[in-house]
1. Which numbered condition in (1) within 21 Å of Leu185 (Cα to Cα); (2) open to solvent by 40 Å² or more (accessible area, probe 1.4 Å) is the only one that Thr251 fails?
2. Considering only residues that are surrounded by 24 or more Cβ atoms within 10 Å (Cβ to Cβ) and not aliphatic (A, V, I, L, M), which ones fall in the stretch 71-86?
3. For the stretch 40-55, check the following and say yes or no: at least one residue is touching a helix residue (DSSP H, G or I) at 6+ places or on another chain (Cβ under 8 Å) and closer than 19 Å to Pro356 by Cβ.
4. Within the stretch 198-234, can you find the residues that are under 20 Å from the mean Cα position of the chain (by Cα), of a type in the set (Lys, Arg) and open to solvent by 50 Å² or more (accessible area, probe 1.4 Å)?
5. Of Glu53, Glu80, Glu60, which residue is under 22 Å from Ala334 (Cα atoms), in the same structural domain as Asp130 (by TED's automatic domain parsing) and touching a residue at least 60 places away in the same chain (Cβ under 8 Å)?
6. Any chance the stretch 27-41 includes a residue that's assigned by TED's automatic domain parsing to the domain that holds Ile186, aliphatic (A, V, I, L, M) and within 30 Å of Phe301 (Cβ to Cβ)?
7. Would you say Pro145 is in contact with a Lys or Arg (Cβ under 9 Å, 6 or more places away or on another chain) and either modelled with pLDDT under 95 or not basic (Lys, Arg) (or both)?
8. Among the residues of the stretch 107-118, what is the count of those that are more than 21 Å from Gly234 (Cα to Cα) and either over 19 Å from the mean Cα position of the chain (by Cα) or more than 9 Å from the ligand (Cβ to nearest atom) (or both)?
Amino acid sequence: MTGLLDKLRARIAAEGPLTVAQYMSVCLSDPEYGYYSTREPFGAAGDFITAPEISQMFGELVGAACLSAWDAMGRPDRFELVELGPGRGTLMADLLRVAALRPAFLKAARLNLVETSDRLRKIQNATLKDASVQPTFRDRFQDVPEGPLLLVANEFFDALPIHQFVKTPDAWQERQVGVNEAGDLIFGIGTAALPEAAVPASARTGPDGSILETQPAANAIAEDIGRRIAAGGGMALFIDYGYLKTAPGDTLQALHKHRYDNVLAHPGEADLTAHVNFESLAAAAVNGGAAALPPLTQGDFLLRSGLLERAGALGSGKSHDEQEAIRDAVERLAAPDKMGNLFKVLAVTNSGLTVPPFDSAL
Ligand code: SAH
């Protein structure tokens, strides 16, 4: 039993069932009991390990892509360097270390970390205490100043609330979280329905009970970023697990101590995420006026960026065990059956801007 379960029961008793989006949002961000407010999710003792925590090579190669983008932008002497949801600050520390090879880049960069958790802000500050650029914390992307933009977001969008709709004989009706007589959280179906126009053709023929997800919170941020990039130029890299084409499926998942968990079982104690719909995310950025380059799998992105060469350089002269650890990290980050295929990398740029290792837009 968690403190959050009592709080959820009381709220549902007073207001009725919650949407899946409301449930996700409370579980992750409740100031008192929310997962990111109270837990240490990352690393061996936490619930999951993200790519930057697996190896410094990840942040270094993301940093190399940012340097290429800055070149392609004409090396502006002022730009906003932004990370959404920086976790422990590891990716940014690795990125800035690579960027130290280009002092003019660092001189031009103003660092903005968009983070809601005070606890994580402290950790990010500590990780970056010796970095050459010091961060300004922002509550929301909208608080980042205007101007040319280089933005990275790793495993950020998967933590934003999604809505789920269940196919019934009449319509796609919103999935809700309620409480049964025993006081347990249960799924139910509400009366709100998805407009017919929002249902992709591929889903229309599916069986009753199929689930379609929408991600208005993620898309609103992607659209905003698209608008900024259209106005001031730049690039955003969205890295996450997800799918490239809209399709029915229930992707809401809970991770608790490195194991999949029932999503209603440990509110506030388990990490709750959903797979990101990259088709929808790219469309939102394009709606904002930016261009979306054809997405790459994380494996392709890293290999095209020189992962194997970097691994070779990092391992040279090291002990057998250290070299084994580097090989293991390459495997986890890029192998198709590990993170390589499930994770995708979407680059959003202003039109005409091409950034290695991405192909230009069609
Ligand atoms: N990028 C990091 C951490 C991913 S976890 C890594 O790869 O290791 C998700 C991060 O997003 C956490 O830092 C969390 O506190 C933050 N976060 C979640 N929802 C947020 C929101 N709505 N606004 C800003 N940050 C958010």
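The values are calculated or read from the model by the stated rules, or taken from the named source; none is laboratory data. Here the structure is a predicted model, which means the values were calculated and not measured. Glycine gets a Cβ as well: all are built from the backbone with ideal geometry, and neighbour counts include every protein chain shown. The accessibility values were calculated without ligands, DNA or RNA, using every heavy atom of the protein model including side chains. Shrake-Rupley method; radii C 1.70, N 1.55, O 1.52, S 1.80 Å.
1. (2)
2. Within the stretch 71-86, Glu83, Pro86 meet the criteria.
3. There is no residue in the stretch 40-55 that is touching a helix residue (DSSP H, G or I) at 6+ places or on another chain (Cβ under 8 Å) and closer than 19 Å to Pro356 by Cβ.
4. Step one: list which residues in the stretch 198-234 are under 20 Å from the mean Cα position of the chain (by Cα), which gives 212-229, 234.
When the remaining residues are screened for being of a type in the set (Lys, Arg), the result is 227-228.
Answer for the stretch 198-234, where residues must be under 20 Å from the mean Cα position of the chain (by Cα), of a type in the set (Lys, Arg) and open to solvent by 50 Å² or more (accessible area, probe 1.4 Å): just Arg227.
5. Working: Glu53 fails: touching a residue at least 60 places away in the same chain (Cβ under 8 Å); Glu80 fails: under 22 Å from Ala334 (Cα atoms).
Of Glu53, Glu80, Glu60, the one residue that is under 22 Å from Ala334 (Cα atoms), in the same structural domain as Asp130 (by TED's automatic domain parsing) and touching a residue at least 60 places away in the same chain (Cβ under 8 Å) is Glu60.
6. Yes, the stretch 27-41 has at least one match.
7. On the way: in contact with a Lys or Arg (Cβ under 9 Å, 6 or more places away or on another chain): yes; either modelled with pLDDT under 95 or not basic (Lys, Arg) (or both): yes.
Considered against the rule, which asks whether it is in contact with a Lys or Arg (Cβ under 9 Å, 6 or more places away or on another chain) and either modelled with pLDDT under 95 or not basic (Lys, Arg) (or both), Pro145 comes out as yes.
8. Counting residues in the stretch 107-118 that are more than 21 Å from Gly234 (Cα to Cα) and either over 19 Å from the mean Cα position of the chain (by Cα) or more than 9 Å from the ligand (Cβ to nearest atom) (or both) gives 1.
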